[in-house]
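A.B. asks: Input: one structure, supplied below.
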Amino acid sequence: MKIIPSLVLFALLSGGASAQTVSRMDDLTAEAKAAATDITLTGTLSTTGNSDLRQLRDLCWQLRRADLSKADCPVLPANAFHSRHRLAEILLPANLKRLGSQAFFACDALTTLSLPATLDSIGEAAFSGCAVLQEVTIAGTPVIGAFAFQNCDALRTVRLTSAVPPVADATAFETIDPETCRLVVPEGSEKAYKKAEGWNVFFNKKQKSDGDIVCSPADVLLPIPESVAVDADAKPLRVKCSWRISAAAGLENEAAQAARILGERTGQAVATDKGRNVLTLCLDPSLSDDEAYILSITETGVDIKGRTAAGVFYGLMTLEQLLRADAAALCCDVIPATVVSDAPRTHIRELMVDPARIFVPFEELKAFIPEMARYKFNALHLHLVDDQAWRIEIKKYPELTANASSRVGMDDMQMPISGYYTQAQMKELVAYAATYHVDVVPEIEMPGHEVAAIHCFPQLTCGGKEVPIRTTCGVSDDLLCPGSEFTYEFLGNVFRELAEVFPSPYIHLGGDEAGNPALDCWTNCTDCRALKQRLGITTTDRSENWRLQKYLFDRMIDTLRTKYDKTPMFWYETDFKEIQEGCVTFAWRVGLTDAAVQAAIRNKARIMLCPGEHCYFDYPMARGDMPEVNWGMPVTTLYETYSLDPSWGQGEEFERNNLFGVAGTLWSECINSPERIYYQAYPRAQALSEVGWSRADVRSWEGFLKRLAPTLRDMRRRGVTFSTAF
Ligand code: ACM
Ligand code: ZN
């Protein structure tokens, strides 16, 4: 086996800066794109499909400088350079008219920017998160969209050539500090800029306030609660006063979360001993559900009661949305007297992240948790291994991370992808997630999607075959050998260490895409044949290999249950006809949910709904949305996500006995930056949160869209990326 340490890999590809001048990206070889640090394009650039711009963004992973000044390119589309962290300099096309939303989102190496006089519009959040951008020159009068320069905290000079202020959204420069950032405008035009919306922030002049911002509770909560009762006759709560928190014993974490939320929203420190408004957190065992809560707003403060700490936490998530209100500002001024009574419809609301295909650095993974908790998700499923990498430290088998966590390439993206999580990091993640009431569920695949392990231990597969790490998406035909005792010893040792790191009651065993033809590798293997003989499996119509798969699962399920008290989970496959009682099966394949639901009912199992048509958030949300180039993914629209019926037309008995929850997947074959995980997730994850949390009779698509608007506006304000393709 050839071992290539990650540093050597990195040096191989990152060594040697490369400058290229060509007409179009197609004039460069794949190797030249991967090596390029400085590219000048001079031709007519394409902007859809595998366009010049998509190639610049996704294939030129080392790009530091792009000169498009001689190119013909009137439109830089949305997301053109989304989260390109190395891009330090861009010369924009001289004929540029339109710059799409989030075009330079989180380009946090970009220092200066000159916008040509031809430019008509700058999209929302176009430069949001360009954290080291110091100087911007705007030559013409483009209309500047909302939050265009959000969190550009290093901005020192914004220079304009027009004496007439360009039309700018009030939030275009919302986060600039007028003490440190100068606005340079033509002589004599200062007055006009001082008065103009969006520009007045440079003069330390806050926008004219139209009076108090008053929250309208029914219009801002997502997922929608069971009931929201506003008492318009009672005195409302004034939010921007001093606050004190009073929390019952056992709610120390929730008190800390409450202090954080109040501090972030109101901008005031929160005390435990004095304050005009009181936030009271307590437990009430009479509530109907562990996650249920009642939140009461009165003139003097807020009371949140939960049956458990989780319920209190969800009350706090609701309170934060009330404080945010319509997102006209970070925090509203007034909330009417209101009682919110709420409880979840399903008990597991999960998002799945895949650091195996493209690694997600630990701090970025952690940062994903608070955002999902806002919408009352309570499980983060980690797809820790696959054909392309092994990403979790296993102390018994250090070879796994030493030899299978670094590679070059994910399909046409020829970049080094490297990294794994230590067990100490995973314990830290689990503890951190618990403060947001999120359970971390690990997944180790079997018998397919296991090439990373097989690469390290060829004896795991039939005939001891040596298999390279996979660098493309798709399904490998190399499976674990169920006829070899080493397979059980290996999995047993891995699960023993996982059980110690992850306190979750669940472990996911994968089980997907290991059918025919891959299973044929078990037909001629001596060890597999011997096992079939021992088990009395005599069929020769290929069903024998499915039975062997069931044997493998039965043994591991038994180990997990009896030794570690874990409930096993796996992806549903039709041929794998029996689902072991009490297990959780995931309905994921497009068009197969009916079969999965019936199998779960028949086998007294529980089922997680994540059908591709509704819940695969790695799929583009609209044609042409990211990822523009992929392995043939269909589109999963926001409406399709919202229209998922978690009871799948089965009614209450199914919901009570079988339905486990809902999950959204974020497979990362085409997600090449941590920011793009959010882009793929939201707003579909918000739609799914309402599917999973809210009762059918209180939700509606129109109502969701209405409540989504302030939710997304607040994300923009907080600098969080999402797709607008709906
Ligand atoms: C899957 O998408 N292969 C579960
Ligand atoms: Zn075998």
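The values are calculated or read from the model by the stated rules, or taken from the named source; none is laboratory data. These figures come from a predicted structure and were not determined experimentally. We place every Cβ from the backbone using ideal geometry, glycine too, and count neighbours over all the protein chains shown. These area figures cover heavy atoms from the full protein model, side chains too; ligands, DNA and RNA do not enter into them. Shrake-Rupley method; radii C 1.70, N 1.55, O 1.52, S 1.80 Å.
A.B. asks: In terms of modelled amide H atoms, which long-range or inter-chain residues lie less than 5 Å from the amide H of residue 278?
C.D. replies: Correct list: 244, 301, 302.
A.B. asks: Between residue 231 and residue 276, what length in nm is gained on full extension when 0.36 nm per residue of separation is reduced by their alpha carbon distance? Let's see the in-between values first.
C.D. replies: Numbers: separation 45, 0.36 × 45 = 16.20 nm, distance 2.12 nm.
That works out to 14.1 nm of additional length.
A.B. asks: If you count only protein heavy atoms and use a 1.4 Å probe, how large is the accessible surface of residue 629, to the nearest 10 Å²?
C.D. replies: Per-residue accessible area (residue 629): approximately 40 Å².
A.B. asks: Can you flag which of 427/566; 465/550; 240/274; 305/566; 195/706; 240/376 are past 21 Å Cα-Cα? Could you put the intermediate results ahead of the total?
C.D. replies: Values: 427/566 17 Å; 465/550 23 Å; 240/274 15 Å; 305/566 31 Å; 195/706 31 Å; 240/376 26 Å.
Flagged as over cut-off: 465/550; 305/566; 195/706; 240/376.
A.B. asks: Which value in nm describes the separation of the simple spin-label points at residue 496 and residue 396, placed 7 Å from the Cα toward the beta carbon?
C.D. replies: So the two model labels end up 0.4 nm from each other.
A.B. asks: If you don't mind, there's one more thing I want to ask. What does the accessible area of residue 184 come to, in Å² to the nearest 10, when a probe of 1.4 Å is used?
C.D. replies: 40
A.B. asks: Given a Förster distance of 56 angstrom, what is the FRET efficiency for residue 246 paired with residue 524, based on the Cβ-Cβ distance and rounded to 0.05? Don't jump to the answer; show the numbers that get you there.
C.D. replies: Working: r = 70 Å, r/R0 = 1.26.
It comes out at approximately 0.20.
A.B. asks: Taking 0.36 nm per residue of sequence separation and subtracting the Cα-Cα distance, how much length would be gained by fully extending the chain between residue 466 and residue 212, in nm to one decimal?
C.D. replies: 84.6 nm
A.B. asks: Follow-up question, since we're still on this one. Scanning the chain for helices, which whole DSSP H stretches are 18 Å or more long along the axis (Cα) and average 0.0 or more by Kyte-Doolittle? Write down the numbers at each step before the final one.
C.D. replies: Numbers: long enough: 252-266 (21 Å, -0.81); 309-324 (23 Å, 0.84); 362-374 (20 Å, -0.08); 485-501 (25 Å, 0.11); 543-564 (31 Å, -1.09); 701-718 (25 Å, -1.06).
Sorted by number, the helices that extend far enough and score high enough are 309-324, 485-501.
A.B. asks: Of the accessible area of segment 156-274, with the probe set at 1.4 angstrom, what percent is carbon plus sulfur?
C.D. replies: Numbers: 3230 of 6410 Å².
Roughly 50 percent of what the probe reaches on segment 156-274 is carbon or sulfur.
A.B. asks: When only C-alpha pairs under 8 Å and at least 6 residues apart count, what is the relative contact order of the chain, in percent?
C.D. replies: 10
A.B. asks: Continuing with this model, one more query. How long are the three semi-axes of the equivalent ellipsoid of segment 534-612, in whole Å, if each is the root of 5 times an eigenvalue of the C-alpha gyration tensor, listed from largest down?
C.D. replies: Numbers: eigenvalues 90, 69, 17 Å².
Rounded to whole Å, the semi-axes are 21, 19, 9.
A.B. asks: Another question, if that's okay. What nm value, rounded to one decimal, do you get for the distance between residue 111 and residue 179 when each label is placed 7 Å out toward the C-beta?
C.D. replies: A separation of 2.5 nm, rounded to one decimal place.
A.B. asks: Right, something else. I'd like the carbon and sulfur percentage of the solvent accessible area for segment 653-726, probe radius 1.4 Å, heavy atoms only, ligands and nucleic acids excluded. Please list the in-between numbers first.
C.D. replies: Values: 1050 of 2040 Å².
Whole-percent figure for carbon plus sulfur exposure: 52.
A.B. asks: If you add up the charges near residue 264, with Lys and Arg at +1 and Asp and Glu at -1, over every other residue whose beta carbon is less than 11 angstrom from its beta carbon, what do you get? Each step should come with its number before you reach the end.
C.D. replies: Details: positive: 260, 265, 324, 718; negative: 320.
With Lys, Arg at +1 and Asp, Glu at -1, the neighbours total +3.
A.B. asks: Take the Cβ-Cβ distance between residue 412 and residue 363 as r, set R0 to 22 Å, and report the resulting FRET efficiency rounded to the nearest 0.05. Walk me through the intermediate numbers first.
C.D. replies: Working: r = 28 Å, r/R0 = 1.27.
Result of the calculation: an efficiency of 0.20.
A.B. asks: With a Förster radius of 35 Å, plug the Cβ-Cβ distance of residue 695 and residue 422 into 1/(1 + (r/R0)^6) and report the FRET value to the nearest 0.05. Numbers along the way, then the final one.
C.D. replies: Values: r = 42 Å, r/R0 = 1.20.
Efficiency computed from Cβ-Cβ geometry: 0.25.
A.B. asks: Moving on to the next point. Once you charge only the Cβ atoms, +1 for Lys and Arg and -1 for Asp and Glu, what is the size of the charge dipole of segment 667-726 about its Cα centre, to the nearest 20 debye? Working shown, then result.
C.D. replies: Values: 10 positive and 6 negative charges, 52 e Å.
Charge dipole of segment 667-726: 260 debye, to the nearest 20.
A.B. asks: To check you understand DSSP bridge types, tell me what percent of the beta bridges within the chain (both residues inside) are antiparallel, rounded to 5.
C.D. replies: Details: 25 of 100 bridges.
Percent antiparallel among DSSP bridges in the chain is about 25.
A.B. asks: Where only protein heavy atoms count, and the probe is 1.4 Å, what is the accessible area per residue for the chain in Å²? Could the numbers behind the result be given before it?
C.D. replies: On the way: 26680 Å² over 726 residues.
On a per-residue basis, the chain sits at 37 Å².
A.B. asks: In deg cm²/dmol, rounded to 500, what helix-only [θ] at 222 nm does the chain give when every DSSP H run of at least 4 residues adds -39500 (n - 2.57) and the total is split over its residues?
C.D. replies: Counting only the DSSP helices, I get -8500 deg cm²/dmol.
A.B. asks: Another question about this same structure. In µm²/s, what is D for the chain at 25 °C and 0.890 mPa s, where D = kT/(6 pi eta Rh) by Stokes-Einstein and Rh is the Kirkwood radius from Cα pairs?
C.D. replies: Details: Rh = 27.5 Å.
Rounded, D is 89 µm²/s.
A.B. asks: Local charge sum around residue 330 (other residues, Cβ-Cβ under 9 Å, Lys/Arg +1, Asp/Glu -1)? Spell out each step's value before the answer.
C.D. replies: Numbers: positive: 265, 324, 717, 718; negative: 264, 714.
Once positives and negatives cancel, what remains is +2.
A.B. asks: Follow-up question, since we're still on this one. Which entries in 70/194; 97/366; 97/191; 563/604 show an alpha-carbon gap greater than 31 Å? Mind showing how you got there, number by number?
C.D. replies: Details: 70/194 36 Å; 97/366 39 Å; 97/191 28 Å; 563/604 22 Å.
Over 31 Å Cα-Cα: 70/194; 97/366.
A.B. asks: Also, I was wondering about something else. For residue 235, go through the aspartates and glutamates and keep the ones whose alpha-carbon is under 12 Å away, minus same-chain ones fewer than eight residues off.
C.D. replies: 299
A.B. asks: What does the extension gain come out to for residue 578 and residue 156, with contour length at 0.36 nm per residue minus their alpha carbon separation? Display every interim value, and only then the final one.
C.D. replies: Working: separation 422, 0.36 × 422 = 151.92 nm, distance 6.45 nm.
This chain segment gains 145.5 nm when fully extended.
A.B. asks: Can you list the aspartates and glutamates whose alpha carbon sits under 13 Å from that of residue 395, skipping same-chain ones fewer than 8 residues off?
C.D. replies: Counting by Cα, and skipping residues close in sequence, residue 395 has these aspartates and glutamates nearby: 497, 500.
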